[in-house]
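Encoded as structure tokens, the structure appears first; notes follow it.
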Amino acid sequence: MSVDTLEARILAGLDDEQREVATSLTGPICVLAGAGTGKTRAITHRMAYGVHSGLYKPQQVLAVTFTARAAAEMRTRLRDLGAGGVQAKTFHAAALKQLQYFWPQTVGGPLPGLLDHKAQLIAEAARRLRLSTDRAAIRDVAAEIEWAKVSMLTPDSYVRAAAGRDAPAGFDLTTVSRIFQSYEDVKVDRNVIDFEDVLLIIVGILQEDERVAATVRAQYRHFVVDEYQDVSPLQQRLLDLWLGERDELCVVGDASQTIYSFTGATSRHLLEFTHRFPGADVVKL
């Protein structure tokens, strides 16, 4: 099949707005898309069209989303469109792969173990402080610590930043800060990191090591972010470091569909996209 025929096949069956997305191959572009509008179809066809037109090298395209299921669906669609070399991952999976690669040359030694669940260590952190907790309290404190970390807060900066928030489990904010610090200490003692640490550490490495940042930016030249309304400040910081000074970015989202706001996600990044990139194309599906 000729390249022209392949490109025609990729665009066939798209409506006018989807076709506009698929053929807008240089960023920045913001796609505003509600449920059932074919957003995944539009962005996967865009990536495939970019690959088959020769503008994209598949291994230099990174698509990120929020669930492993969504990433797997995207990979399947890309493979069916002949663009199987494109990377489609969750933020955490992409960050973890980079951390595993760069840890030995930047930090040294083996990467700490990855903590699947915080509950046991938060319970230990509370016991060290002689605080009484039940399962519900531990769950609520874990959620608050996740919010703090994706908001890039430390135990010291948490209290001021959290002013006005409802403290979890009946604790005051100072007590939550103490549990947060104790939890961080327990992790060090156990030589483990949590999912937020994966992003925080790779952000730190990319900020501090220009050689590593240059390597990542040479690897990935085109970025697509699905469900952009659910990006957290920490994920946005990582995306900024991946991009550097470039603007080859396609984001897709629906400001009315933010479902992770309790974890620190904010639709502000989506709503203010054209403020940051004044020349951005905006397409409504």
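Is one or more of the residues making up segment 147-154 of a type in the set (A, V, I, L, M, F, W, C), free of Cβ contacts under 8 Å to residues at least 24 places away in the same chain, crowded, with 20+ Cβ neighbours inside 10 Å and closer than 22 Å to residue 188 by Cβ? Checked segment 147-154: at least one residue is of a type in the set (A, V, I, L, M, F, W, C), free of Cβ contacts under 8 Å to residues at least 24 places away in the same chain, crowded, with 20+ Cβ neighbours inside 10 Å and closer than 22 Å to residue 188 by Cβ.
Within segment 80-97, identify whether any single residue is more than 14 Å from residue 199 (Cα to Cα) and free of Cβ contacts under 8 Å to residues at least 24 places away in the same chain, and answer yes or no. Yes, the conditions are met somewhere in segment 80-97. Checking each residue in segment 123-177 for being more than 21 Å from residue 231 (Cα to Cα) and in a loop (DSSP other than H, G, I, E, B) picks out 129, 130, 131, 132, 133, 134, 163, 164, 166, 167, 171, 172. The condition (being surrounded by 14 or more Cβ atoms within 10 Å (Cβ to Cβ), at pLDDT 95 or above and under 17 Å from residue 90 (Cβ atoms)) is satisfied by just one residue among 199, 249: 199. Within segment 89-130, the residues that satisfy the criterion of being open to solvent by 30 Å² or more (accessible area, probe 1.4 Å) and touching a Phe, Trp or Tyr at 6+ places or on another chain (Cβ under 9 Å) are 92, 96, 109, 110, 111, 114, 116, 124. Kindly indicate whether residue 271 is modelled with pLDDT under 95, of a type outside the set (Lys, Arg) and surrounded by fewer than 19 Cβ atoms within 10 Å (Cβ to Cβ). So residue 271 fits the description; yes.
Sub-8 Å Cβ pairs linking a first residue in segment 160-172 that is exposed (fewer than 10 other Cβ atoms within 10 Å of the Cβ) to a second residue that is not basic (Lys, Arg), at least 6 apart or interchain, are 163/173; 170/137, ordered by first then second residue. Restricting to segment 47-95, name every residue that is outside any helix (DSSP H, G or I) and under 25 Å from residue 203 (Cβ atoms). Passing the criteria: 61, 62, 63, 64, 65, 66, 67, 86, 87, 88, 89, 90. Of all the numbered requirements in (1) in contact with a helix residue (DSSP H, G or I) (Cβ under 8 Å, 6 or more places away or on another chain); (2) of a type outside the set (Ser, Thr, Tyr); (3) open to solvent by less than 20 Å² (accessible area, probe 1.4 Å), residue 82 misses one, and that requirement is (3).
When each of 40, 26, 65 is tested for being buried (at least 22 other Cβ atoms within 10 Å of the Cβ), at pLDDT below 95 and of a type in the set (Ser, Thr, Tyr), the lone residue that passes is 65. Out of everything in segment 221-232 that is modelled with pLDDT of 95 or more and open to solvent by 10 Å² or more (accessible area, probe 1.4 Å), what residue ends up being farthest from residue 69 (Cα to Cα)? That would be 221.
Considering 218, 280, which residue is open to solvent by 10 Å² or more (accessible area, probe 1.4 Å), hydrophobic (A, V, I, L, M, F, W, C) and at pLDDT 95 or above? Exactly one residue qualifies, and that residue is 218.
Apart from one condition, residue 75 fits all of (1) open to solvent by 40 Å² or more (accessible area, probe 1.4 Å); (2) of a type outside the set (A, V, I, L, M, F, W, C); (3) in contact with a helix residue (DSSP H, G or I) (Cβ under 9 Å, 6 or more places away or on another chain); the exception is (3). Of the residues making up segment 202-215, those that are over 20 Å from residue 150 (Cβ atoms) and open to solvent by less than 70 Å² (accessible area, probe 1.4 Å) are 209, 212, 213, 214, 215.
The values are calculated or read from the model by the stated rules, or taken from the named source; none is laboratory data. Predicted model, so just to flag it, every value in this text is computed and none were measured. Positions of Cβ are backbone-derived with ideal geometry, glycine not excepted, and every protein chain shown enters the neighbour counts. Areas reflect the complete protein model, heavy atoms only, side chains present, ligands, DNA and RNA absent. Shrake-Rupley method; radii C 1.70, N 1.55, O 1.52, S 1.80 Å.
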